[in-house]
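Worksheet for the structure shown next.
The values are calculated or read from the model by the stated rules, or taken from the named source; none is laboratory data. This is a predicted model, so every value here is computed, not measured. Cβ: placed from backbone, ideal geometry, glycine included. Neighbour counts: every protein chain shown.
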Amino acid sequence: MAKSDFKTFIVYALFLGILILPMVGFPGTRFEASRALTIWGGVVGILALWLANKTVRRSDMYRRTATRFEPIKNNILRRFSKLPIRYYILVLLIGVAAYPLVANNYMIDVGITCLIYIVLGLGLNIVVGLAGLLDLGYIAFYAVGAYSYSLLNLHFGISFWLSLPIGMVIGAIFGCIIGYPTLRMRGDYLAIVTMGFGEIIRLVLNNWDKLTKGPNGLLGMAKPTVVYPALTDGGLSWVVYSLKSLHALYYLMFIIAVLTVIGVRRLDNSRIGRAWVAIREDEVAAELSGVPTTWLKLLAYAMGAAFASVVGAFFAAKLSYTNPNFFIFMESCIVLCIVVLGGVGSIPGIILAGIILIAVPEVFRELQDYRMLAFGLAMAAMMVLRPEGLIPASRRKRELHETGQSTPEDLKDGA
Amino acid sequence: MDNASFIIQQLINALFLGSIFSLIALGYTMVYGIIELINFAHGELFTAGAFIGIIVLAALQNIGFVETHFVLTLILVFGMAMAYVAVLGVAIEQVAYKPLRKASRLAAILSALGMSIFLSNGMMLSQGVSDRAYPAILGMDGFSILDARITYGQVFIIVLSLVLMVALNMFVNWSKLGKAMRATAQNQTMARMLGIDIDRTIRVTFMIGPALGAAAGVMVGMYYGSVRFDMGFIYMIKAFAAAILGGIGSIPGAVLGGMIIGGVEVLWSAFLPSEWKDVTTFVVLILVLYFRPSGILGEHVSESRV
């Protein structure tokens with residue numbers, strides 16, 4: 001056990017203890033020291049695991065065993081990586097598509113929520129991961145989508161499908177409205193201003209009684225419908241099928257999610273995507289190389305907003321109800337958590353993080369209360385210990401662990 | 001109530017709100033001046049201060065200390081809240097910010113945000129989701145100027161915050177540590193070369209800033225009579241607007257910005273629908289950032305910093 005590691009362990013355990021102290025109720029309030037102690041114990045336990053892991057990895061025995069198993073490990077890894085990635089994707093797709101057949105209604109609902117947050121995460125990833133613009137008010141675009149569908153449907157009777165493109169355009173316009181004044185900003189300032197914008201939109205929705213019915217919310221939007229031809233007694237005719245059941249909504253959301261993944265993936269590898277990464281890395285250099293930074297930053301906001309807007313419309317249609325309290329700042333934080341924990345810029349990472357962060361607390365209901373607590377701590381810990389996320393994007397990983405020399409893997413990727 | 005007394009009443013309100021925003025904004029400005037990071041957890045530290053205040057006050061009230069030693073109670077409440085939150089500030093700095101000093105800014109901001117979420121939910125779990133009543137110890141006694149009612153409590157809070165601000169200014173300008181702080185803010189490498197312990201300076205900054213925020217938290221609790229686990233959020237954004245407006249990194253600027261934001265908010269609530277008052281703060285913040293990101297008293301901020 002290295003001495004410095006042990007010192008770090010002690011220091012962190014102590015300071016985390018101080019951080020958790022406000023959770024202890026004092027005389028005159030509720031005395032729940034046991035709860036705070038349990039949380040502290042959990043955190044220290046994780047820290048101890050980290051310490052043990054580091055110590056074991058240092059020991060001679062581990063090294064000896066590891067060298068012996070190295071060829072076997074590489075062999076297995078090679079076998080798996082030989083299979084083209086599309087087989088894995090196919091298995092995943094079949095799994096997700098078959099999920100409603102085995103799940104009950106509650107689990108399908110959780111599945112829909114998961115998919116919603118994954119799409120939101122992927123949309124935010126365009127802004128944060130690719131263009132490097134921290135957006136803390138992302139949920140506002142989700143709200144814009146939800147309210148534009150609700151209002152269009154309630155006042156003009158416009159159907160779900162028609163309001164999707166309209167909602168996307170409205171969302172993109174809002175994205176530009178937020179993007180334009182913040183073009184010159186980066187980092188902290190941007191974070192606070194986007195947070196402010198997110199709150200402004202929520203407050204407007206909350207206060208503008210005449211249009212949005214304020215905190216009571218809007219009620220009674222139509223579900224999306226599908227029209228298909230069918231043979232009936234009178235011959236061929238059109239049948240209108242309303243997507244009311246959870247199964248139908250799940251598949252609709254599934255299609256939206258798949259389309260989003262394809263779209264984001266293509267964006268990632270496109271000229272625009274590479275230009276965004278260039279802006280993220282060095283805006284001045286990008287500008288000098290002929291990248292139209294202003295337009296591309298606006299485009300990043302508009303694109304991210306458009307994705308959120310689509311999911312927002314779906315969300316409003318699914319519940320047939322919406323109210324401003326769905327769109328609080330904490331929701332933005334959850335989406336950001338998904339992006340950060342999964343790995344900024346990494347599509348598989350975001351999908352995994354979305355499943356972990358949304359489904360796990362739903363399954364273990366008693367943990368619901370501690371959900372955001374754990375998210376917050378995990379976010380800070382992730383930044384300190386593993387800033388590249390659970391499944392790092394290959395480009396990002398190289399940036400964060402620059403060694404100055406390229407490994408064979410790097411060369412293979414064409415870096 | 002005639003016009004003159006109405007104006008005086010609003011002036012007192014503005015002065016009170018302005019002092020609160022100034023105290024919180026000072027914490028932002030100091031931390032930003034030194035490590036160029038917005039301490040996202042500052043709003044939560046402010047709330048934590050308010051809760052520590054409530055806990056100490058309730059304990060003192062239980063043993064009947066408040067009636068017998070009123071001044072000592074006030075000192076104890078403010079002192080303990082500030083001391084505890086100062087330790088909390090250092091703990092956050094050590095756990096979440098120090099390892100990331102050399103990392104990318106995005107990582108540092110996200111870590112700060114994570115700490116903020118963690119603390120705010122921790123307080124929600126332990127202190128409950130509803131409003132908590134603050135023991136009313138300041139009372140309603142006061143005096144009148146032209147029919148405008150001014151309580152001693154209001155006077156006390158405004159005077160105390162002025163004292164704290166003056167003390168901070170004296171500390172930063174005249175003490176050795178204050179000099180070290182200013183040197184670190186100007187040029188960290190140079191300061192290190194001249195033998196200033198940068199780590200220690202940053203720790204001290206993370207004690208003083210949050211301590212001032214905690215004092216503001218106790219004041220808000222005493223004045224409005226209730227606190228809530230998530231009240232830090234709105235104060236944080238407003239204080240941040242104040243810090244930017246005055247020029248981030250500048251101590252007099254933070255006070256000036258706080259007073260302006262407080263004044264605008266009181267004016268708005270007096271004459272226009274008050275449910276829109278939060279929106280105006282955000283709009284002011286965005287306008288300032290757009291037209292003059294260096295603020296009123298700030299030095300020129302280079303593009304890279306913004």
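Things to note:
- Test set (1) closer than 26 Å to B:VAL255 by Cβ; (2) among the small types (Gly, Ala, Ser); (3) modelled with pLDDT of 85 or more - B:SER111 fails condition number: (1)
- Some residue of the range B:244-257 being over 29 Å from B:MET181 (Cα atoms), aliphatic (A, V, I, L, M) and either at pLDDT below 80 or in a helix (DSSP H, G or I) (or both): no
- For the range A:147-168, the tally of residues that are in contact (Cβ under 8 Å) with a residue 40 or more places away in the chain and part of a helix (DSSP H, G or I) stands at 13.
- Across the range B:66-73, not a single residue is classified as of a type outside the set (Gly, Ala, Ser), under 30 Å from B:ARG200 (Cβ atoms), more than 9 Å from every other protein chain (Cβ to nearest Cβ) and within 23 Å of the chain's Cα centre (by Cα).
- Within the range B:165-188, being assigned to a helix (DSSP H, G or I), more than 13 Å from B:PRO252 (Cα to Cα) and not basic (Lys, Arg) holds for B:PHE171, B:TRP174, B:LEU177, B:GLY178, B:ALA180, B:MET181, B:ALA183, B:THR184, B:ALA185, B:GLN186, B:GLN188.
- Some residue of the range B:38-47 being touching a residue at least 60 places away in the same chain (Cβ under 8 Å) and farther than 17 Å from B:ILE237 by Cα: no
- Listed here are the helices (runs of 4 or more DSSP H) enclosed by the range A:180-299 that have at least 2 residues being among the aromatic types (Phe, Trp, Tyr): A:187-207, A:246-269.
- Put simply, of B:ILE137, B:ILE150 the only residue that is within 20 Å of B:MET259 (Cα to Cα), in contact (Cβ under 8 Å) with a residue 60 or more places away in the chain, among the β-branched types (Val, Ile, Thr) and in contact with a helix residue (DSSP H, G or I) (Cβ under 8 Å, 6 or more places away or on another chain) is B:ILE150.
- Among the residues of the range A:202-224, those that are more than 14 Å from chain B (Cβ to nearest Cβ) and surrounded by 14 or more Cβ atoms within 10 Å (Cβ to Cβ) comprise A:LYS213, A:GLY217, A:LEU218, A:MET221, A:ALA222, A:LYS223, A:PRO224.
- A single member of B:GLY142, B:GLY128 is in contact with a strand residue (DSSP E or B) (Cβ under 6 Å, 6 or more places away or on another chain), more than 22 Å from A:PHE9 (Cβ to Cβ) and modelled with pLDDT under 80, and it is B:GLY142.
- Residue match in the range B:74-92 (condition: within 8 Å of chain A (Cβ to nearest Cβ), under 18 Å from the mean Cα position of the chain (by Cα), modelled with pLDDT under 85 and closer than 30 Å to A:THR194 by Cα): no
- Residues satisfying the stated conditions in the range B:31-65, i.e. assigned to a loop (DSSP other than H, G, I, E, B) and more than 20 Å from the chain's Cα centre (by Cα): B:ILE63, B:GLY64
- Here is the figure for the range B:48-65: residues that are more than 10 Å from chain A (Cβ to nearest Cβ) and either among the basic types (Lys, Arg) or surrounded by fewer than 21 Cβ atoms within 10 Å (Cβ to Cβ) (or both) total 2.
- From the list A:MET372, A:MET303, A:MET330, the lone residue that is under 24 Å from A:ASP209 (Cα atoms), outside the structural domain of A:ILE39 (by TED's automatic domain parsing) and assigned to a helix (DSSP H, G or I) is A:MET330.
- Scanning the range A:183-200 for residues that are buried (at least 24 other Cβ atoms within 10 Å of the Cβ) and more than 8 Å from chain B (Cβ to nearest Cβ) gives A:THR194, A:GLY198.
- Of the residues examined, B:GLY213 is one that is crowded, with 24+ Cβ neighbours inside 10 Å and either under 16 Å from the mean Cα position of the chain (by Cα) or farther than 16 Å from B:PHE21 by Cβ (or both).
- Any hit, the range B:2-12, residues being away from chain A (no Cβ under 11 Å), over 21 Å from the mean Cα position of the chain (by Cα) and not in a helix (DSSP H, G or I): yes
- Only one of the numbered conditions (1) surrounded by fewer than 17 Cβ atoms within 10 Å (Cβ to Cβ); (2) modelled with pLDDT under 80 is not met by B:VAL155, and that is (2).
- Residues located in the range B:20-73, provided they are farther than 24 Å from B:GLN94 by Cβ, hydroxyl-bearing (Ser, Thr, Tyr) and at pLDDT below 90: B:THR68, B:THR73
- Close Cβ contacts (under 6 Å, 6 or more residues apart or on different chains) running from residues in the range B:94-117 that are more than 7 Å from every other protein chain (Cβ to nearest Cβ) to residues that are surrounded by fewer than 23 Cβ atoms within 10 Å (Cβ to Cβ) comprise B:ALA108/B:LEU37; B:ALA108/B:LEU100.
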